[in-house]
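What follows is calculated from the coordinates using simple rules that are stated; it is not laboratory data. These figures come from a predicted structure and were not determined experimentally. Glycine gets a Cβ as well: all are built from the backbone with ideal geometry, and neighbour counts include every protein chain shown.
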Amino acid sequence: MVDCVFCKIAAKEIQSKIAYEDEEVVAFHDINPQAPIHVLIIPRKHIASLNEATEEDQSLLGKMMLVAQRLAKGLGVAEDGYRLVLNTNRGAGQSVFHIHLHLLGGRPFRWPPG
Ligand code: 5GP
Ligand code: ZN
């Protein structure tokens, strides 16, 4: 088994503030939030980054988006707006190599991102 912090969060071996979970995905609040709402949506399946995802993962990746949408609505940021971020590899700022979708909301966001 890979030594992965997000696999451990999904398995509840590392404690986190879980916002949603089911048999395929887990969503939890980021330990170092960059916005008033900052939730990470991950698959239970260990996929290191988007570069390693395959056709087989298509519905799982789509599900992560819809979970993010439902969380945005539930957390009250859907109307004002929210941002989904999926950093891929170090040049884009990926620091944990288990694919995750950032849901950020509760403040204005600039474009382009830094
Ligand atoms: P990345 O930089 O890879 O796109 O995002 C990784 C995110 O995971 C960061 O925002 C970081 O704060 C968060 N993170 C790293 N370790 C933990 C942890 O143990 N618990 C939680 N809740 N978030 C974490
Ligand atoms: Zn993992």
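Here are the numbers:
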quantity: Within the stretch 1-30, considering residues that are among the acidic types (D, E) and within 13 Å of ligand 2 (Cβ to nearest atom), the one surrounded by the most Cβ atoms within 10 Å (Cβ to Cβ); calculated: E13
quantity: Residue match in the stretch 38-52 (condition: away from ligand 2 (no atom under 15 Å from the Cβ), more than 19 Å from V2 (Cβ to Cβ) and in contact (Cβ under 8 Å) with a residue 24 or more places away in the chain); calculated: yes
quantity: Per-region count, the stretch 11-36, residues within 12 Å of the chain's Cα centre (by Cα) and touching a residue at least 12 places away in the same chain (Cβ under 8 Å); calculated: 8
quantity: Candidate set from the stretch 57-68 (those that are surrounded by 13 or more Cβ atoms within 10 Å (Cβ to Cβ) and more than 10 Å from I41 (Cβ to Cβ)); member that is nearest to the chain's Cα centre (by Cα); calculated: L61
quantity: Close pairs (9 angstrom Cβ cut-off, 6 or more residues apart or separate chains): under 12 Å from G81 (Cβ atoms) in the stretch 96-111, of a type in the set (K, R) anywhere; calculated: L103/R83; L104/R83; G105/R83; F109/R83
